[in-house]
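Take a look at the structure below.
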Amino acid sequence: MLTDLPNVLTLSRIAAIPLLVVLVAIGSPLADLLAALLFVIAGITDWLDGRLARSRRQLSDLGRMLDPIADKLLVGATLMLLVGFHRVTAFGIYPAIVIMLREILVSGLREYLAGIKVGMPVTRLAKWKTAAQMVALGILLLGNSGAAELGIPWLPAGIIGGTLLWIAAGLTLITGWDYLTAGLRHVTQPGPSP
């Protein structure tokens, strides 16, 4: 089960994190380009592992557990790298905080709801949030120096990535609120009478 291709792809996202850390720490234009490329590949594996699991009928409890963990580890590590290495402006720290808090909130809600056998499906808006977030993080990893290395020095990667991060944070607030209210409905429902 661990060697099923969808699970291998999921695990590859976790394995990519140390290499991402090293590339961002190097901080050269080529390393920035490679970090962005690695992040894009990791993002594609997120889309691909679920698609393959469904098409090959390799859905598993292990995959359902690992997939959101890999996503949150990748996003959390990337946000911390961007903030820690000053790849976002001081103003850009705020959407990063919002995104991290929402990830923790949703993880806690999912864990609680799973304990009472209630699923929390991913909404279409949450998918848009994820797309905006992943594009923002990829562009911020690329940065202006990586864009120059790519041959597009005129691209204001920092501004574009920062703007997309704020958009992702806005969507994060909306979807986080939706998940929170859905979870609270199950908490406040009276249980069966004895």
Return yes when R64 is part of a helix (DSSP H, G or I), at pLDDT below 80, within 16 Å of the chain's Cα centre (by Cα) and under 24 Å from D4 (Cβ atoms) and no when it is not.
yes
If you go through the range 123-155, how many residues are among the aliphatic types (A, V, I, L, M) and open to solvent by 30 Å² or more (accessible area, probe 1.4 Å)?
9
Of the residues that make up the range 44-54, is at least one in contact with an Asp or Glu (Cβ under 8 Å, 6 or more places away or on another chain), at negative phi, of a type outside the set (G, A, S) and modelled with pLDDT under 95?
yes
Restricting the search to the range 2-57, which residues are of a type in the set (S, T, N, Q) and either in contact with a Pro (Cβ under 8 Å, 6 or more places away or on another chain) or assigned to a helix (DSSP H, G or I) (or both)?
N7, T10, S12, T45, S55
Determine whether G158 is assigned to a helix (DSSP H, G or I), surrounded by 15 or more Cβ atoms within 10 Å (Cβ to Cβ) and in contact with a Gly (Cβ under 8 Å, 6 or more places away or on another chain).
yes
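The values are calculated or read from the model by the stated rules, or taken from the named source; none is laboratory data. Keep in mind the model is a prediction, meaning the values are calculated, not measured. Ideal geometry is used to build each Cβ from the backbone, glycine not excepted, and the neighbour counts take in all protein chains shown. Each accessible area value is taken on the protein alone, full model and side chains, heavy atoms only, with ligands, DNA and RNA left out. Shrake-Rupley method; radii C 1.70, N 1.55, O 1.52, S 1.80 Å.
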